[in-house]
1. What is the Cα convex hull volume of the stretch A:135-283 when expressed per residue in Å³?
2. Report the A-C buried area as the accessible area lost on both sides summed, probe 1.4 Å, in Å² to the nearest 100.
3. On average, how much accessible surface per residue is there in the stretch C:19-69, in Å², for a 1.4 Å probe, leaving out ligands, DNA and RNA?
4. Suppose we keep just the DSSP beta bridges with both residues in chain A; what percent of those would be antiparallel, to 5?
5. Less than 12 Å Cβ to Cβ from A:Asp258, Lys/Arg counted +1 and Asp/Glu -1: what total charge do the surrounding residues give?
6. Taking chain B as a Gaussian network, where each spring joins two C-alpha atoms under 10 Å apart, which residue of B:Phe28, B:Phe232, B:Phe136 fluctuates the most?
7. For A:Asn102, what residues show an amide H to amide H distance below 5 Å, using hydrogens built from the backbone and excluding near sequence neighbours?
8. Using all alpha carbons of the stretch C:19-69, what is the percent of pairwise distances in each 5 Å bin, ordered from the shortest bin to the longest?
Amino acid sequence: MVGHIAMRSIDRPDGQAARPTLGSVAGASSALARDGRSLPDTPPIKAAAENFSFFYGQFQALKSITLPVYEKHVTALIGPSGCGKSTLLRACNRMHDLYPGNRYEGAIRLLPDNTNLLDPAVDPIEVRMRIGMVFQKPNPFPKSIYENVAYGLRIRGEKSRSVLDDRVEEALKGAALWAEVAHRLNEPAFALSGGQQQRLCIARCLATDPEVLLFDEPTSALDPIATASIEELIDQLRQKVTILIVTHNMQQAARVSDFTAYMYLGELIEFGETRQMFVNPVRPETEDYITGRFG
Amino acid sequence: MIPADLSGIQRIIRRNKRRDLIFAIFGFVALLIGVLTFLALFLQMAFAGWERLTPDFFTSFPSRRAGQAGILSAWVGSVLVMLVTAVSAVPLGVAAGVYLEEYATRSWVTDLIEINVTNLAGVPSIVYGLLALGVFVYAFGFGQSILSAGLTLGLLILPVVIVATREAIRSIPQHIREGAYALGATRWQVTRDHIVPYSMPGILTGVIIGMSRAIGETAPVITIGALTFIAFLPESPIGPEFPWVNFEWLKSGFTVMPIQMFNWTSRPEEAFQQNAAAAGFVLVLMTLAMNAISIWIRYHLRKDIKW
Amino acid sequence: MQDANSIESLEGASFEPLKVSDRLARKALRHTKERVIEALLFAAAGVSVLTTVGIVWVLVRESYHFFTVVPIWSFLTDTMWTPLFADAHYGILPLLAGTLTTSLVALVVAIPLGTTIAIYLSEFARPAVREAVKPFLELLGGIPSIVYGYFALVVVIPLLQLFIPGLPGFNMLGAGIVMGIAIIPYVSSLAEDAMRAVPMSMREGSYAMGGTKFQTAVRVVIPAALSGILSAYILGVSRAVGETMIVAVAAGMQPNFTMNPTEPAQTISAYIVQVALGDLPHGSIGYQSIFAAGLSLMVMTLLLNVAGHFVRRRYREAY
């Protein structure tokens, strides 16, 4: 476990709390170091938003967000509904490109190649092939279980049956679903239960080895037992992949994440190590939200 | 192989996007074929029939000599037949739609009616002609008249009107009904004062689309035995004395625009083909105008209603 | 008791409380009125059932007379249809062949083009393009079939004759192609509706994995909308089978027993038109033959409609 707060708001002399800033990702670790509390065992950064703003038409949904995502750790985005946490998550996969009238400003960088995911020159398809996403409601394709998992490989042009078989099995095992579906891979995915469908959607992402996995409130449509199994799965996945998860459920954030970002009205209010943030939040707004006084 | 490196991914993306582009071109070409066919058809008739499109063309009866023939009896016949069609189909269709949406409780009777309406929409129009020939012309003794033709086309567009009415009613939110019921209105009052007025734009759109289809229908009207050569007009619906209406025209023989066009099309002489083009141009303009009105209603009147 | 406050009872501006007996009388009156109105509306809805009953009754009755003269077996197997000759044959096969051939040609045109247009509009085109093009397609679908018939005869067949030397002036190919164009709007708009009904979340799932528009359309949206797309095709077939004026004008009026689209032939519907244009006396065998032909047509389209219904129900996706 990383035992220290990576970044916290610092009180300015004028009493106003400064928003966390990163400068550039290349200089991110030094920026963190400058606050004097950064420690040598801070994990490497996998991705980072830098002064990222987002507009739905005229409406500014995200205001200059700067946020690191640490490699092979789970970062949770929390905040009341409408705070922009899902918008931020979807931006990481360029999902907003699917709809007209959306505009990005600033950067979301993916390391180690330091690609700005939002750069118009970067193909959104390239971004999506590197970063997987799991949605609120399980959205399996109207295909068999096998073909759902093989989909990502097929759109990459993979035709070899043996490669597909291997990767499908591996992905289903990775998503803790293999034991339940091994004997019925050719049945339609709709036949699975909600929790199984969601794990299938996770397996679908795992099959293509994404660098980052985005979860958009993955358990909000599931019952408590299915939720527990997904949370357990996320706990295992952090060994292999960087995870960014949006959740409306603070207990869930506390259970599954290493780092937490609290957002409110399109702004990042506080970012820090989860344990620290839940026990001892810096900003009063965060404390109000976490203790349930509002939100 | 699944390339892990970025350049491999980029190569795959280039290939995939090339296919995207190829399909987009195909799609565009397919659309173009549709749009160009429409333009070709329209312009061909406009050019071929242009010389014949004089005022005389609209005020002359058909004739053995192509140069003197006109569409007077045809367009008058079309207008009168459409009148009967509208008067029969609109009240029936709207009432049936209202019944199915507002009154009917789920039972085998309503299921039967619904399946029926769906199936009727798929019955070929010529079969309606046979129905009319057997029932209106001979069993009811209406003869080969404007009344028979109008009722036939009325039945033909009934499913269109019913479906349009139901869709329009379905888009009215439940709270509007509840608001009216909460004031003590009866079901009929809610229907008459709220449901029907608010669904009017949708109903109108459906009625006009149905009418524009009916005005171009040829096969059922031929089947009931409309004449192809008519050199007289039916009696005027407006009578000379009280009550100033006259229903003799309903029993009159008639021809309609599409039949007149069919008649000219099936003649080998070039000059009659010209007449056919001119008649076709007028007919398409009529249906275009009706479609344009319904599109206009859909985009403008509906915009005013925001739930 | 709430009825004393209804708008009607305020007429005459009498706000004095009504006697109980008056209230009851009004209530009874209103109740009767409501029942009468409901009965009227029900009767209107019943007209559609009556229409079907009427169609079946007329077709079956006249066909029954027809089949007392012409054995049903020879109707179904005789390869000649010569009702107007002295040696009259009533074999439906030539008309059926004409109907199927023209419909087949039409489908070869309408299904690829209609599906491509549907995919393009639903998955590729920007909303502005879609809104601009759809009215055009609606207009294409609203053009009277006699106009299409004229177009086939005067424009398309002469054009085809440039490429196929010796093509007769009336043929099933030209009629079928134009018929195909005429039913494109039906196929494309129904198929597009089916695709647009596929929830966005399913598309997002594919895009999020790096799928392109084409991959998403072909591998996710089409399988999800398959039932709707298939029933759009079936509706297209049923339209083609029942289409009358295009074939009556452009396919020729000879009942040839052939499935070669470059030859002229007659369809079932065109035969009905041909007889109706003539002067066959009511009750004659020729008059009855059009009802037998109509019954065949009706059975074919009914089977198609039932198949469409079945497809929609059987393969309806649970999104």
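The values are calculated or read from the model by the stated rules, or taken from the named source; none is laboratory data. All of these numbers come straight from a predicted model, not from anything done at the bench. Note: ideal-geometry Cβ built from the backbone for every residue, glycine included; neighbour counts use all protein chains shown. Areas reflect the complete protein model, heavy atoms only, side chains present, ligands, DNA and RNA absent. Shrake-Rupley method; radii C 1.70, N 1.55, O 1.52, S 1.80 Å.
1. On the way: hull volume 17.7 nm³, N = 149.
Convex hull volume per residue, Cα atoms: 119 Å³.
2. On the way: alone 13290 and 18360 Å², together 29760 Å².
Buried: approximately 1900 Å² between C and A.
3. On the way: 3250 Å² over 51 residues.
The answer is 64 Å² per residue.
4. Details: 26 of 43 bridges.
Counting only bridges with both partners in chain A, antiparallel ones make up about 60 percent.
5. Details: positive: A:Lys72, A:Arg238, A:Arg255, A:Arg275; negative: A:Glu71, A:Asp235, A:Glu273.
Net charge in that neighbourhood comes out at +1.
6. B:Phe28
7. A:Gly57
8. Cα pair-distance distribution for the stretch C:19-69, in percent: 5, 17, 11, 11, 10, 9, 8, 7, 6, 5, 4, 3, 2, 1, 0.
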